[in-house]
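Undergrad: I'd like to ask you about the structure that follows.
The values are calculated or read from the model by the stated rules, or taken from the named source; none is laboratory data. These numbers come from a predicted model, not from an experiment. All Cβ positions, glycine included, derive from the backbone under ideal geometry; neighbour counts span all protein chains shown. Only protein heavy atoms, including side chains, enter the accessible area calculation; ligands, DNA and RNA are left aside. Shrake-Rupley method; radii C 1.70, N 1.55, O 1.52, S 1.80 Å.
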Amino acid sequence: MMLVFGLMLLLKTAACLDRSCRFNQSDICYAALGHKLTLLNPSNNDVKIQKIINYDTASDPVCRVKNGKKKETECGLYSNRSEVTVINGTLIINPVIRADSGSYTVTLSNPSDGSDTSTDLQVNVEAPIGSVEVIISCSFSGAMRVSCSSEGDQLLYSWTLNGDPQMDGNSSIDLNEGTNGNISCGVKNHVSHGQKTVSVGPCPVLQVSLIALGCVALILILLFITVYYIYKKKQVKSTPAAAGNVDVIYADISYKKKSEMKKTESPPVADVEYVEIQPQKKRKERKAKEEEVQYGEVTFNLNRSSAHTRPQEECIYSQVHGC
């Protein structure tokens, strides 16, 4: 029983989307995309239908209906379209496509007296309304916004709250804090309509605020961790590789003759030179590790004049101090 009722409802809905117009009507003829359009022929006159494309009667497509039938040799407008038929002078298009929209010139010929009457016909094809969806969102203050959406062309919206009409024309509506009851969204266009009703109640302000604050705190924590990681990475790159790893050794080297050391108890002040010895760091090879090797270089700068006058038995004493 339920299945039969559902099938009848579906057939009734589809039938409601079928549209009928007259060839000589002055207002716009609206047709539902994918459904049937019937163009009635008053008094069973002969009809000439020409679609206005280039405003050129010589090139714009034409279709003639004579004696209640479509003349196949003179119907370039609906050529190769099996869904277009003529029955007793009535033109039936099933289903309608987007290309059927447009402006037409319709000429009605009276067979009895041969008089012609021309009129303009505007056909607009619109996609019917699909399923209506209603979404309720809450703000931090507890106010509500109800949004409505649907498929279809040229949609018009209307709202009712507990049966009372509300502001029309917008796809969303704002409700005051503490609003309670049933709100309905109606959607329509020229070929169909739809509606959906939902229950509304006060928004949980505290719960929403706590969730929002938790999200903000989580975002701030992630942002702090990211900034700290970038800062540490830049700090490691900017620190010199040899800083704190190189030992500097100064050597205090003095020289004196043996004869002068014997004559005086306290040796005279000798020339002192300081030399910086920098051991090289460990070098890590990809395939094997090598032992750390330190290289030192000591340079002596002596006066050439004194170096020639000193005898070969001259001795040099060095005292090395580690820093």
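Undergrad: Do you know which residues across region 114-128 are polar (S, T, N, Q) and surrounded by 11 or more Cβ atoms within 10 Å (Cβ to Cβ)? Walk me through it before giving the result.
TA: Taking region 114-128 first, the residues polar (S, T, N, Q) are 115, 117-119, 122, 124.
Result: T117, S118, T119, Q122, N124.
Undergrad: Among the candidates V86, V187, V146, V132, single out the residue that is closer than 30 Å to N41 by Cβ and surrounded by 19 or more Cβ atoms within 10 Å (Cβ to Cβ).
TA: Details: V187 fails: closer than 30 Å to N41 by Cβ; V146 fails: closer than 30 Å to N41 by Cβ; V132 fails: closer than 30 Å to N41 by Cβ.
It is V86.
Undergrad: Pick from region 89-105 the residues that are farther than 24 Å from D56 by Cβ and of a type in the set (S, T, N, Q): which of them is most open to solvent (accessible area, probe 1.4 Å)?
TA: The qualifying residue most open to solvent (accessible area, probe 1.4 Å) is N94.
Undergrad: Right, something else. Would you call R64 under 20 Å from R22 (Cβ atoms) and either among the basic types (K, R) or at pLDDT 90 or above (or both)? Don't jump to the end; show me each part of the working.
TA: Details: under 20 Å from R22 (Cβ atoms): yes; either among the basic types (K, R) or at pLDDT 90 or above (or both): yes.
So R64 fits the description; yes.
Undergrad: Tell me whether region 39-46 contains one or more residues that are open to solvent by less than 40 Å² (accessible area, probe 1.4 Å), within 22 Å of R98 (Cβ to Cβ), in contact with a helix residue (DSSP H, G or I) (Cβ under 9 Å, 6 or more places away or on another chain) and not basic (K, R).
TA: There is no residue in region 39-46 that is open to solvent by less than 40 Å² (accessible area, probe 1.4 Å), within 22 Å of R98 (Cβ to Cβ), in contact with a helix residue (DSSP H, G or I) (Cβ under 9 Å, 6 or more places away or on another chain) and not basic (K, R).
Undergrad: Any residue at all in region 106-113 that is out of contact with any His (no Cβ under 6 Å at 6 or more places or on another chain), open to solvent by 70 Å² or more (accessible area, probe 1.4 Å) and in contact (Cβ under 8 Å) with a residue 24 or more places away in the chain?
TA: Our first condition is that a residue be out of contact with any His (no Cβ under 6 Å at 6 or more places or on another chain); within region 106-113, this holds for 106-113.
After this cut, where a residue has to be open to solvent by 70 Å² or more (accessible area, probe 1.4 Å) as well, the list is 111-113.
Checking the rest, the ones that are also in contact (Cβ under 8 Å) with a residue 24 or more places away in the chain come to 111.
Yes - at least one qualifying residue is present in region 106-113.
Undergrad: Please work out which one of (1) surrounded by 18 or more Cβ atoms within 10 Å (Cβ to Cβ); (2) under 22 Å from N80 (Cβ atoms); (3) within 45 Å of the chain's Cα centre (by Cα) is the condition I53 fails and give its number.
TA: (1) is the only condition that I53 fails.
Undergrad: Scan region 166-175 residue by residue and report those that are closer than 14 Å to Q195 by Cα and either at pLDDT below 90 or of a type in the set (V, I, T) (or both).
TA: Result: D168, single match.
Undergrad: In region 35-51, which residue that is at pLDDT below 95 and assigned to a loop (DSSP other than H, G, I, E, B) is farthest from N124 (Cα to Cα)?
TA: The extreme case among them is N45.
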